[in-house]
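Read-outs: derived from the displayed coordinates by stated rules, not from any lab. The structure displayed is predicted, hence computed values, not measured ones. We place every Cβ from the backbone using ideal geometry, glycine too, and count neighbours over all the protein chains shown.
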């Protein structure tokens with residue numbers, strides 16, 4: 001059933017067109033209805049038309065290589081979809097399925113060509129509406145863009161956290177042990193005979209000052225190590241989450257492969273059954 005100028009005027013997508021432009025377009029476009037669960041088109045289907053939702057809702061989605069379903073958008077009254085195929089005439093980039101009874105306006109490339117021929121100014125109006133749609137899509141993509149959480153955590157370290165990481169790494173090394181062995185040896189040698197009476201003697205046995213210095217070092221070192229370990233626990237948690245997502249994705253991909261194999265098996269059986277039926281009808285022994 002052909003749409004009317006009043007119906008086009010109710011749709012925000014055509015709100016930028018004036019009355020004459022809507023009247024010209026109303027003579028060409030169609031007004032269609034789809035039931036809930038109806039698949040409007042599939043990915044890679046031939047394109048060349050744009051749908052404007054007047055009522056109901058349409059889910060746009062695709063399946064990743066792993067078989068996981070990704071919902072791109074849910075179009076509701078006033079929204080439009082399929083504009084990519086309308087602009088370049090290429091195949092569909094996603095699936096469109098009605099999740100509710102829907103009424104839509106279908107605009108084809110021929111419809112727009114005729115409108116632009118009669119009303120060239122309408123081209124800029126429709127480009128303005130499409131530009132707003134692209135800006136909104138770009139905003140959503142920026143919000144949904146995945147980030148390297150480990151890199152973000154690394155870049156956001158404070159000076160204390162960087163120092164704690166360095167101290168923790170250095171305290172577990174051979175040079176750290178060697179420095180302390182030399183320090184203790186020199187300290188003790190300076191505070192026992194024969195050097196204690198001539199060059200040292202500032203911390204006689206049982207070396208109380210050395211004990212206090214080592215205790216203070218142990219307290220500071222333990223705090224820095226614990227701070228670094230807490231950061232490591234957080235990184236490990238992130239890593240475990242990523243590994244879990246990878247495992248789920250792998251399981252989904254395996255399930256998708258099983259689905260493909262099962263569908264192929266069914267197709268082969270159906271073809272064999274058809275061949276058997278044909279041979280039986282012809283009376284072939």
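Model label points for residue 257 and residue 221, set 7 angstrom from Cα along the Cα-to-Cβ axis, are 5.1 nm apart.
Going highest first, how would you order 220-226, 76-82, 170-176 by mean Cβ packing within 10 Å? Intermediate results must be reported in sequence, preceding the final value.
Working: 220-226: 13.7, 76-82: 19.1, 170-176: 10.9.
Ranked from most to least packed, the peptides come out as 76-82, 220-226, 170-176.
Its convex hull of Cα atoms gives segment 150-279 a direction-averaged projected area, equal to a quarter of the hull surface, of 14.1 nm².
What is the extension gain from residue 116 to residue 71, computed as 0.36 nm multiplied by their sequence separation minus the C-alpha to C-alpha distance, in nm to one decimal?
Values: separation 45, 0.36 × 45 = 16.20 nm, distance 3.32 nm.
Result: 12.9 nm gained on full extension.
Dimensions of segment 188-228 along the principal axes, based on C-alpha atoms and rounded to the nearest Å, stand at 44, 13, 10, largest first.
Ordered by the count of other Cβ atoms within 10 Å of each Cβ, fewest first, 5, 185 give 185, 5. Which value in nm describes the separation of the simple spin-label points at residue 268 and residue 209, placed 7 Å from the Cα toward the beta carbon? With each label point 7 Å from Cα toward Cβ, the separation is 8.7 nm. Ordered by the count of other Cβ atoms within 10 Å of each Cβ, fewest first, 92, 231 give 231, 92.
The length gained on full extension between residue 159 and residue 277, counted as 0.36 nm times the residue separation minus their Cα-Cα distance, comes to 34.6 nm.
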